[in-house]
Amino acid sequence: MFLLAITCAYVSKTLSGSYMNSMLTQIERQFNIPTSLVGFINGSFEIGNLLLIIFVSYFGTKLHRPIMIGTGCVVMGLGCFLKSLPHFLMNRYEYESTVSVSGNLSSGSFLCMENGTQILRPTQDPSECTKEVKSLMWVYVLVGNIVRGMGETPIMPLGISYIEDFAKSENSPLYIGFVETGTIIGPLIGLLLASFCANVYVDTGSVNTDDLTITPTDTRWVGAWWFGFLICAGVNVLTAIPFFFLPKTLPKEGQEVNADIIKNENEEKQREEFKKEKNGITKDFLPFMKSLSCNPIYMLFILVSVIQFNAFVNMISFMPKYLEQQYGKSSSDAIFLMGVYNLPPICIGYIVGGLIMKKFKITVKQAAHIGCWLSLLDYLLYFLSFLMTCENSSVVGINTSYEGIQQDFYVGNNIFVNCNADCNCPTKMWDPVCGNNGLSYLSACLAGCETSIGAGINMVFQNCSCIQTSGNSSAVLGLCDKGPDCYMMLQYFLILSATSSFIYSLAAIPGYMVLLRCIKSEEKSLSVGLHTFCTRVFAGIPAPIYFGVLMDSTCLHWGTLKCGESGACRIYDSATFRYIYLGLPAALRGSSFIPALIILILLRKCHLPGENASSGTELIETKVKGKENECKDIYQKSTILNDDELKTKL
């Protein structure tokens, strides 16, 4: 029952986490904030987690672990609810556009009007500027994420230590493998939910979506991010219920013990724990910390985890944005593809890894070698992703000249040429159109378009003087597609990503066993908590922030608010973006193999506290069987010879 409950808790916590990571782009656009600030909001979860992780890991084993886990699930639900509040407290989302939402063409304010005056949606009216000052509602999301991090704190260290304490040592890897499978089911559900919500307009029900001039592939589109957080809140609260009915302790798996004996033992343990609390509950804390700090294998394992976590937290958090910018997919499609291609292989890898550990009774040293060399194989395959690239979107005035020649950098005076010099166009407004010459333009006005037909997303612009074609020049709303070659590159990238996910997850359970078996049994809970604490402090918090800063440095065009302030980034230099997204994790992962190899060397020379946990049991069983056979021989001899001495010995 506990195994089922803790698996559901893992599902709910990873459901919330994966949904949050998938909605980062939507949050960035909703609040018009840079990626670096979004990275800080994402890292705030780790802040909440590390506030309690060490103390929960140590003191939690002395308290009622299931109840603490259930309380954590309720707190996670509260955090998810807080994150959804800004939607109900803010005005409707307004995206920048030179085109009237109603599609009224009488004014022609979004077209090229020679010697005319542009009447733009952005305004310099002081009253409206006061309303448009960048909203601080994102603070609710920040606080909600911190609260969610605090709630998740007891689930992993207390859940894993509970399994380790009451399960057979040879069954523990399999059970942990099943629990880790929950960390795949949760993200799969979370990503499917995120894909659905990202495809639904943020203010659906409040606005007529037929009047919108943007689609989900547009970088101004914001999905219904708030709706998924409400669902996550409900799931977390429901998951908490079973834990309040589970016992504080269980009999060791495989022991046939009378119920009265179990009750007496539990009462005796409670009396002993109460005495310990009276004498000082922290008396073992510092000795345990000293013991862990002096364990070279454990400390090197933490170093490997911190380095690799720096790489993976960036890859996972910003993968939807990478698929959007590199391959031209919508947020909804990017999230869906990420889940479908990556999560099932990871789930299979966790289960297979646990089964291999159980079937072949892999030792700690063998597990370390399996984890290291499989990770190295995955790392080498990773470099193939550098070959699966697409060209930048060709946007005239940003990275392409009006003659269709690619430029390496933005030159401001390239926006105006003879064909649009007298059009009185806005220069900072992002309202792209795709010309029938295959090039994109910042707006219909800058493309020199003079007339238009249709309304909403079906609007077509005609007589575009800057679009050089043999026939009638026209344009439609949105950026141009990247073409079939880019689609094939996306398929190759996703297949490689699925293969890498399977190989790496196959190595995860053996690697986790090294962590659990390289320390003393009484230190397990604290060691898991300290491991989590270090990965949070040195990877979970800083990684999204510095990665976000690097991504912001590749931005080619920032969005513009009503009063001229800069908003979220609309388009990135995809080549530089690719080098950062793929190159930085490659460098980090490569450096992690240095301490990993040192661990393998140390394991050859030392004895681990938990290494012979299963072999000790087997040794006892062998001795018992030997005595049993000896007794049988004596009994047979005493029966045949009728020897009183032998009967006495028997």
* To do: For Leu78, Leu530, write out the residues from largest to smallest accessible area, computed with a 1.4 angstrom probe and no ligands counted.
  => Leu78, Leu530
* Asked: Sorted by accessible area (1.4 Å probe), largest first, how do Met156, Met150, Met551 line up?
  -> Met150, Met156, Met551
* Any idea which of Ile346, Ile370, Asn399 is furthest toward the positive side of the dipole for the stretch 309-434, if Lys and Arg beta-carbons carry +1 and Asp and Glu beta-carbons -1? -> Ile370
* Asked: How much accessible surface does Thr363 have with a 1.4 Å probe, in Å² rounded to 10?
  -> 60
* For the stretch 453-498, run through the chymotrypsin sites (Phe, Trp or Tyr not before Pro) and keep only the ones in DSSP coil with at most 15 other Cβ atoms within 10 Å of their Cβ. => none
* To do: Kindly flag which residue pairs out of Lys62/Lys83; Lys13/Lys62; Lys428/Lys482; Lys252/Lys605; Lys520/Lys605 have an alpha-carbon separation exceeding 22 Å in this structure.
  => Lys62/Lys83; Lys13/Lys62; Lys428/Lys482; Lys252/Lys605
* Asked: Counting only the heavy atoms of the protein chains, how much of Ser394 is accessible to a 1.4 Å probe, in Å² to the nearest 10?
  -> 30
* Can you send over the solvent-accessible area of Leu286, 1.4 Å probe, protein chains only, in Å² to the nearest 10? => 130
* Report, please, the projected area of the stretch 503-576 averaged over directions, based on the convex hull of its C-alpha atoms, in nm². => 8.2
* Asked: Given a Förster radius of 35 Å and the C-beta distance between His369 and Ser521 as r, what FRET efficiency does 1/(1 + (r/R0)^6) yield to the nearest 0.05?
  -> 0.90
* Show Asp284, Asp203 ordered by accessible area, largest first, where the area counts protein heavy atoms only and the probe is 1.4 Å. => Asp284, Asp203
* Can you give the FRET efficiency for Lys361 and Leu597, using 1/(1 + (r/R0)^6), R0 = 35 Å, r = Cβ-Cβ distance, to the nearest 0.05? -> 0.90
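The values are calculated or read from the model by the stated rules, or taken from the named source; none is laboratory data. Model, not experiment: these values are computed from the prediction. Using ideal geometry, Cβ is built from the backbone for each residue, glycine included, and neighbour counts are taken over all protein chains shown. What goes into the accessible areas is simple: the full protein's heavy atoms, side chains included, and nothing from ligands, DNA or RNA. Shrake-Rupley method; radii C 1.70, N 1.55, O 1.52, S 1.80 Å.
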